[in-house]
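The values are calculated or read from the model by the stated rules, or taken from the named source; none is laboratory data. These figures come from a predicted structure and were not determined experimentally. Virtual Cβ from ideal backbone geometry, glycine too; neighbours counted across all protein chains shown. Just the protein is used for accessible areas: all its heavy atoms, side chains included, with ligands, DNA and RNA removed. Shrake-Rupley method; radii C 1.70, N 1.55, O 1.52, S 1.80 Å.
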Amino acid sequence: EFSATVEQCYGISMTVDKTTDSANPGDSADFTFTITNDGNGLDTVSLMSMGTFTPTIAENMVNISAGNTGQVVLTMTVPVDAASGAKSQGAMLHAYSEGCGEDLENCDFEAHSSVSLSANQVFDISAGYYYNSSMASASIQQGMAKQLKFNVTNNGNGNDNIGVALSTNAPSWVALSQSTVLVAPGQTGTVTIDIMAPASGTLGAVDAFQIVATSSDGVTTSTTGDFTLTIVERSTNTDGPTTEEVDDDDGGLPGFGFLSAIAAIGAVLLLRRRL
């Protein structure tokens, strides 16, 4: 008679449901790791996460019977101040079989998988007056040109090529200097409104209009407050001296009436001196 004892053999392997994902700043994403016990006995597997974007696991140990699997969820969070496209660095889950003992660095019964999380671009814009609301009202003479301005601010986390357009009720003689403006995150761009008042026909206040700004995602929009214009009659005053037309008695030639008057005054003075 004899007896034999089968020694426990250790071995584990690991897979993950996805290696990359993305989320908005401040949001999280989950990665599900599946660990398989390739050994011939119950194995207590130790877990360790590492890397940026705060990789965390709900438990640091899992018991897996021979030939079976266990699952671990690793959660990562995009920093709230992450720029668009920012990626995690060195994010990884390590699994160590109990056969490793204390020597985890040189263990042959270890498995690991790397994952990556990136920050989505967040679109957030605001369109407003260039300086304050008083800058959005103007009086303009007939046939004259004038310019107003407005600002577009990128409150998102990435560069945004913002489209700008007049509202549908804007006068036909009002136009924008450009249709898009590229604005870096946290920055403000300024766009000019070109006004060419009609030379005749229109006087007084015209309907208020607005500017609509649209992010490059085609969904996020912002609208300015009202811009108001008043058309006034063109002034005939000039800055230089003015000439007044007078009626002349000497054939209508300019200046002859004036010279005749001077000659008459001189003759009267001469007669008085002789007397």
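Miscellaneous remarks
- With protein chains left intact and a 1.4 Å probe, residues in the chain average 60 Å² of accessible area per residue.
- Förster-model FRET efficiency, 35 Å R0, Asn24 and Met92, C-beta, rounded to 0.05: 0.90
- Computed from the C-beta positions of Ala205 and Ser126 and an R0 of 35 Å, the FRET efficiency is 0.85 to the nearest 0.05.
- Nearby lysines by direct alpha-carbon distance to Lys87 (threshold 29 angstrom, same-chain neighbours under 8 apart not counted): Lys18
- On Cα atoms only, tilt of 256-274 relative to the major axis of the chain in degrees: 40
- Cysteines of the chain lacking any other cysteine Cβ under 4.7 Å from their own Cβ: Cys9.
- Calculated mean residue ellipticity at 222 nm for the chain: -2500 deg cm²/dmol, from DSSP H runs with n ≥ 4 weighted as -39500 (n - 2.57), summed, divided by the residue count and rounded to 500.
- Sulfur and carbon atoms: percent of accessible area, the chain [1.4 Å]: 50
- Label zone (Gln142, point 7 Å along Cα-to-C-beta; backbone nitrogen cut-off 16 Å) within segment 186-201: 196-201.
- Over 21 Å [Cα-Cα, segment 1-109], rounded percent: 44
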